[in-house]
Amino acid sequence: MIKAELVTKISSDTDIDKKAVEKVINAFIQSVGEELAGGGKVVLTGLGTFFTRENSERTARNPQTGEMIDVRGKVVARFKAGKLLAEVVKDGKVTKMKPGKNLDETIQESRKKRESMDAVEAAENNDKGNTMKDDGGAGGTAKTEEESGD
């Protein structure tokens with residue numbers, strides 16, 4: 001999908017004028033670029049994280065001549081997909097997003113599902129007696145004043 005197709009899709013999905021959608025997309029690109037150029041990162045929960053990485057200097061071989069050349073290091077923009085986006089495109093098809101559902105609803109459902117799975121796992125651990133007791137990081141059992149003789 002190219003930018004013009006994205007503008008058309010968003011415009012038809014939201015009933016917002018194409019010019020307004022294009023203006024928002026351009027502002028988004030500009031804002032992300034400015035933040036990355038300043039050394040920051042942009043985190044969009046559910047979508048992913050835009051960040052920069054510095055590629056170090058290296059020696060490479062020119063495939064046409066076979067000559068070894070030095071390649072300068074540079075800063076490059078990177079993107080790491082968020083968990084929800086990864087779930088949405090898993091196996092090359094939409095698995096979580098349903099037509100008519102917005103991203104916020106999907107995120108909330110995903111969080112509720114994760115919380116219920118965590119609760120079930122915690123209950124199973126309690127049933128098995130695998131609970132961890134907090135000893136304040138002492139690495140052993142804490143003694144009371146009476147036990148320590150103080």
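The values are calculated or read from the model by the stated rules, or taken from the named source; none is laboratory data. Values in this document were obtained by computation on a predicted structure and should not be read as measured data. When we count neighbours, we look across all protein chains shown, and the Cβ atoms used for this are built from the backbone with ideal geometry, even at glycine.
Tell me which of these Asn26 doesn't satisfy, since it passes every other one: (1) surrounded by 11 or more Cβ atoms within 10 Å (Cβ to Cβ); (2) free of Cβ contacts under 8 Å to residues at least 12 places away in the same chain; (3) more than 18 Å from the chain's Cα centre (by Cα); (4) within 30 Å of Lys90 (Cβ to Cβ).
So the condition that Asn26 fails would be (4).
Among the residues of region 29-43 satisfying the criterion of being surrounded by 15 or more Cβ atoms within 10 Å (Cβ to Cβ) and touching a residue at least 12 places away in the same chain (Cβ under 8 Å), which is nearest to Val89 (Cα to Cα)? Walk me through how you get there before you give the answer.
Initially, region 29-43 is screened for residues surrounded by 15 or more Cβ atoms within 10 Å (Cβ to Cβ), giving 32, 35-36, 42.
Now narrow it down to the ones that are touching a residue at least 12 places away in the same chain (Cβ under 8 Å): 32, 35-36.
Numbers: Val32: 23, Glu35: 27, Leu36: 26 Å.
Here the residue is Val32.
Within region 63-79, is there a residue that is within 25 Å of the chain's Cα centre (by Cα) and polar (S, T, N, Q)?
No - not one qualifying residue is present in region 63-79.
I'd like to verify a number: residues in region 33-47 that are over 15 Å from the mean Cα position of the chain (by Cα) and hydrophobic (A, V, I, L, M, F, W, C), how many?
2
Looking only at residues in region 72-92 that are touching a strand residue (DSSP E or B) at 6+ places or on another chain (Cβ under 6 Å) and assigned to a loop (DSSP other than H, G, I, E, B), which one is surrounded by the most Cβ atoms within 10 Å (Cβ to Cβ)?
The qualifying residue surrounded by the most Cβ atoms within 10 Å (Cβ to Cβ) is Gly82.
Tell me, yes or no, whether region 100-109 has at least one residue that is assigned to a helix (DSSP H, G or I), out of contact with any Asp or Glu (no Cβ under 8 Å at 6 or more places or on another chain), at pLDDT below 70 and of a type in the set (Lys, Arg).
The answer is no, given that none of the residues of region 100-109 is assigned to a helix (DSSP H, G or I), out of contact with any Asp or Glu (no Cβ under 8 Å at 6 or more places or on another chain), at pLDDT below 70 and of a type in the set (Lys, Arg).
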